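Enquirer: There's a structure below that I have some questions on.
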Amino acid sequence: LADDAAALRLFPVDTPTGPVLVYGPSLVRGATLDGTTAHLTGDTVEGTGMEVWAPRGIGRITWNGRPLPTSVTPMGSLRADMPATPGQLPVPAVGQVRLPALGGWRRRTENFESAPDYDDSGWTPADRSSSYSVTPVPKGGPVLFADDYGFHYGDVWYRARLTDADDLESVSLAYSTGTQGLLMAWLDGEPLGTHRMPVPDKSTAHKGSWAATATFEVPPAAGDSPRVLSVLVRRMAHDMDGGSADSHKAARGLTQVTFKGGAPKASWRIRGETAPDPVRGPLNNGGLYGERKGWHLPGFAETGWEATELPRADRRQGVTWYRTTFRLAVDAGIDASIGLTLDDDPKRAYRVQIFLNGWNMGQYVNDVGPQHTFVLPNGILRTRGTNTLALAVLSDGTTESGPGNVRLTAMGASAGGVPVTPVDSPGR
């Protein structure tokens, strides 16, 4: 019998020779009986003593491969002897994990796709007239739904060449996304603005698909050349909570485009993610220029990138990448959980797509939150080696944008753990 506090440190383990009961550590992972020795493995956070009840004939203990001097108690259990050094315990506490500051950042802007002279000849023509989606196809217009053109994950770009657009006054862009999706547009390389889906409240927290229309005023044309409309849609995710209602087939991306003050002819092209990463899978990357060109991968040559320091504050609509490397030297006997923390003024409107050694770790939304710390899983994270960190910052252009304070965070550590096999993280 034990009270709650003692029960948290009691671990029964069944073995072929008989049951073993261990008191003391934070966690017992396993017990193997070999001759007269009980080989125990597990984790400790704070220094502790240890007491073991084992089958008859067991007179020695090892803990994570290290022999522990023991004595037999009057009750027949084995108790680890106290070390001769004052203040020490039989099973020591976990050692300190030291994390480096992140520096040596390099930076480069992108969204070249917004430039009027960008070569989109290799893009997919968006000219379908029917769709596999449950979203109705707009009458008289082409299908612009990204999934119908094979682009299912991440960001997607659209470009339209507009002829007979001299009298154009405004453009309305209807689009559909998951929670917290957004759209930003350019005309002839100049920003038209950004539209964001609203932040969910209690009544819409479980809403899987969001639809809205962004209307932008159009400046007069500077010449007689065809006008070029460029649109970037952050689709977020598909609705996977619809059961048999086929809600996962709801369109993502642009759904309809209408014009006011004119009736230009639009020739649309679309570009999303490249072929799936053969190691990291199809969910890892979207259609940003940097993702398609491998800017998130280890070993990418940063030729032409400028050195910079964080925090950084620019007012720009579009995408800016930041890269750095850092080295960890966590002791082999320590199981450390490490995260990446981002903090900034919550009034600044930007998002950060986080890549560690080429793997997508998630998205930070500075002016919404609530998540600020992202776990960096061991295996992908090289705890005894060099790591590559890439941040793709998507800025609304409405405020100065970061990234602000970016740092490694110790989320917990224990002595012991289990060996972690490095996850394959191929680079360029």
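Enquirer: Could you compute the FRET efficiency for Asp117 and Asn405, with r as their C-beta to C-beta distance and R0 at 45 Å, rounded to 0.05? Walk me through the numbers before you get to the answer.
Expert: On the way: r = 38 Å, r/R0 = 0.84.
With a Förster radius of 45 Å, E is 0.75.
Enquirer: Need one number: % antiparallel among DSSP beta bridges in the chain, to the nearest 5.
Expert: Bridges in the chain that DSSP calls antiparallel: roughly 95 percent.
Enquirer: Also, I was wondering about something else. Arranged by the count of other C-beta atoms within 10 angstrom, fewest first, what order do Ile61, Ile334, Ile270 take?
Expert: Ile334, Ile61, Ile270
Enquirer: In nm, what is the difference between 0.36 nm times the number of residues separating Ala7 and Ala275 and their Cα-Cα distance?
Expert: Stretched fully, the Ala7-Ala275 segment lengthens by 91.3 nm.
Enquirer: Which values, in whole Å and largest first, are the semi-axes of the equivalent ellipsoid of segment 112-271 obtained as the square root of 5 times each eigenvalue of the Cα gyration tensor?
Expert: The equivalent ellipsoid of segment 112-271 has semi-axes of 28, 17, 14 Å.
Enquirer: Label-point separation (nm) for Ser77 and Glu306, each offset 7 Å from Cα along Cα-to-Cβ?
Expert: 6.6
Enquirer: While we're looking at this one, here's another question. Provide the gained length on full extension for the span Glu217 to Lys265, in nm with one decimal, where the gain is 0.36 nm per separating residue minus the Cα-Cα distance.
Expert: Contour length minus the Cα-Cα distance gives 15.5 nm.
Enquirer: Okay, next question. How large is ³J(HN,Hα), in whole Hz, for each residue of segment 137-149 in order, when computed from phi with the Karplus curve 6.51 cos²θ - 1.76 cosθ + 1.60 and θ = phi - 60°, using x for Gly and Pro?
Expert: Whole-Hz 3J(HN,Hα) from phi for segment 137-149: 7, x, 5, x, x, x, 6, 10, 5, 5, 5, 5, 10.
Enquirer: What length, rounded to one decimal in nm, is gained on full extension from Gln88 through to Thr373, with 0.36 nm per residue of separation minus their alpha-carbon distance?
Expert: Stretched out fully, the Gln88 to Thr373 stretch lengthens by 99.2 nm.
Enquirer: Taking 1 over the mean of 1/r across every pair of different Cα atoms in segment 30-71, what Kirkwood radius in Å do you get?
Expert: Its Kirkwood hydrodynamic radius stands at 10.8 Å.
Enquirer: What is the Cα centroid distance between segment 106-182 and segment 357-428, reported in whole angstrom?
Expert: Segment 106-182 and segment 357-428 have Cα centres spaced 30 Å from each other.
Enquirer: Suppose every K and R has +1 on its Cβ and every D and E has -1 on its Cβ; what is the size of the dipole of segment 318-428 about the Cα centre, in Debye to the nearest 20?
Expert: That gives a dipole near 320 debye.
Enquirer: Related question: Which GluC sites (Glu not before Pro) does segment 104-172 hold that lie in a coil by DSSP with at most 16 other beta carbons within 10 Å?
Expert: Of the GluC sites (Glu not before Pro), the ones in loops of segment 104-172 whose Cβ has at most 16 other Cβ atoms within 10 Å are Glu169.
Enquirer: Under 8 Å for C-alpha pairs, at least 6 residues apart: give me the relative contact order for segment 197-276, rounded to a whole percent.
Expert: 21
Enquirer: Just want the ordering: Asp314, Asp246, Asp148, from fewest to most Cβ atoms lying within 10 Å of their own Cβ.
Expert: Ascending Cβ contact count within 10 Å gives the list Asp246, Asp314, Asp148.
Enquirer: Among Gln256, Leu229, Ile270, whose Cα projects farthest towards the positive end of the dipole of segment 192-287, with charges put on the beta-carbon of Lys, Arg (+1) and Asp, Glu (-1)?
Expert: The one lying farthest along the dipole's positive direction is Leu229.
Enquirer: Which ordering of Asp343, Asp34, Asp277 is given by a fewest-first count of other beta-carbon atoms within 10 Å?
Expert: Asp34, Asp343, Asp277
Enquirer: Mind checking segment 1-89 for trypsin sites (Lys or Arg not before Pro) that DSSP puts in a loop (not H, G, I, E or B) and that have at most 10 other Cβ atoms within 10 Å? Let's see the in-between values first.
Expert: On the way: sites: Arg9, Arg29, Arg56, Arg60, Arg79; in loops: Arg9, Arg56.
Passing sites in segment 1-89 are Arg56.
Enquirer: Holding the Cα-Cα limit at 28 Å, pick out from Lys202/Lys260; Lys265/Lys347; Lys202/Lys249 the pairs that are longer than that.
Expert: Over 28 Å Cα-Cα: Lys202/Lys260; Lys265/Lys347.
Enquirer: Another question, then. Could you work out how far apart the two model spin labels at Arg29 and Gln363 are, taking each label as a point 7 Å from the Cα in the direction of the beta carbon, and quote it in nm?
Expert: Computed distance between label sites Arg29 and Gln363 equals 3.6 nm.
Enquirer: Computed from the coordinates I sent, volume of the Cα convex hull per residue in Å³ equals one of [x] 132; [y] 201; [z] 152. Tell me the label.
Expert: Calculated volume of the Cα convex hull per residue in Å³: the matching label is [y].
Enquirer: Go ahead and estimate [θ] at 222 nm for the chain from helices alone: -39,500 (n - 2.57) per DSSP H run with n ≥ 4, summed, over the residue count, rounded to 500.
Expert: -500 deg cm²/dmol
Enquirer: Hey, rough spin-label estimate for Asp314 and Leu21, points 7 angstrom out along Cα→Cβ, what's it come to in nanometres?
Expert: Calculated label separation equals 6.5 nm.
Enquirer: Before anything else, pin down the relative contact order of the chain: Cα pairs under 8 Å, at least 6 apart, normalised by residue count, whole percent.
Expert: Working: 1060 pairs, mean separation 72.5, N = 428.
Reported as a whole number, the value is 17 percent.
Enquirer: Sorting check: for 45-55, 317-327, which peptide has the highest mean count of neighbouring beta carbons within 10 Å, and how do the rest follow?
Expert: 317-327, 45-55
Throughout, read-outs are computed from the coordinates displayed, never taken from laboratory work. On a predicted model such as this, the values are computed, not experimentally measured, just so you know. With ideal geometry, Cβ positions are generated from the backbone for all residues, glycine too; neighbour counts draw on all protein chains shown.
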